[in-house]
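In what follows, a single structure is set out as structure tokens and then discussed.
The values are calculated or read from the model by the stated rules, or taken from the named source; none is laboratory data. Model, not experiment: these values are computed from the prediction. Methodologically, a virtual Cβ is constructed for each residue, glycine included, from the backbone with ideal geometry; neighbour enumeration extends over all protein chains shown. The protein model used for the area step is the full one, side chains on, heavy atoms only, and it has no ligands, DNA or RNA in it. Shrake-Rupley method; radii C 1.70, N 1.55, O 1.52, S 1.80 Å.
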Amino acid sequence: AFLACQKTVNKLLGVQDHSANTETEFLQIDFGEISVRKLPVDDAMFSVLETRLKEAAIALKAGASLSVIFLCGSILEGALLGLALKNPRLFNEAAGAPKDKEGKVKSFPEWTLSNLINVACDLNLLKVDIKKFSHVVRDFRNYIHPYMQMASGFSPDQHTANICMQVLKAAIAELSGNR
């Protein structure tokens, strides 16, 4: 009941509400044209992300579900890494920054996607819901290892690809300050 009231208040105030109670509602949220242009990353990372985003859109239209999932995870990792590279002190001083055996913060190329997601949430760059959804995309992206997919017995389909793309859109919107 509270969420319904909150949605009504937001609607009356003209606040765009990107929350969802169900998977169906989440998939129907329109985050607008997905673009990495507003991400605060350097030009080299922007170029890589833009190319991969175009490829993901082509793969989605072609029904190449597994490719979409891999690309969504890759784009998410690149976006978060790009933010970390632009804000090294902020990321390195975060409580969740990964450390080596000596207790020193690892260099960014050694950070995993999981590390990047968690620290971005710690820094309030990603909200908890997108953090959780992003970890699901990361889990699916691990099907890049054939044994992982074989062991799980799961074969991602177009629906899974659409969910991953929607999570990516939500993360980019949030990282760009549009959510």
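Quick notes
- You will find that of Lys86, Lys61, the residue that is open to solvent by 50 Å² or more (accessible area, probe 1.4 Å) and closer than 27 Å to Tyr143 by Cβ is Lys61 and no other.
- Check on Ile144, touching a residue at least 60 places away in the same chain (Cβ under 8 Å), β-branched (Val, Ile, Thr) and open to solvent by 80 Å² or more (accessible area, probe 1.4 Å): yes
- Identity of the residue in the stretch 119-128, crowded, with 16+ Cβ neighbours inside 10 Å and in a helix (DSSP H, G or I), that ends up farthest from the chain's Cα centre (by Cα): Val119
- Residue in the stretch 89-105 that is loosely packed, with under 14 Cβ neighbours inside 10 Å, in a helix (DSSP H, G or I) and at pLDDT below 95 present: no
- Condition met for Leu168 (under 13 Å from the mean Cα position of the chain (by Cα) and outside any helix (DSSP H, G or I)): no
- Close contacts from the stretch 162-176, counting a first residue that is crowded, with 20+ Cβ neighbours inside 10 Å and a second that is among the polar types (S, T, N, Q) and in a helix (DSSP H, G or I), with Cβ to Cβ under 8 Å and a gap of 6+ residues or different chains, come to Val167/Ser134; Ala171/Ser134.
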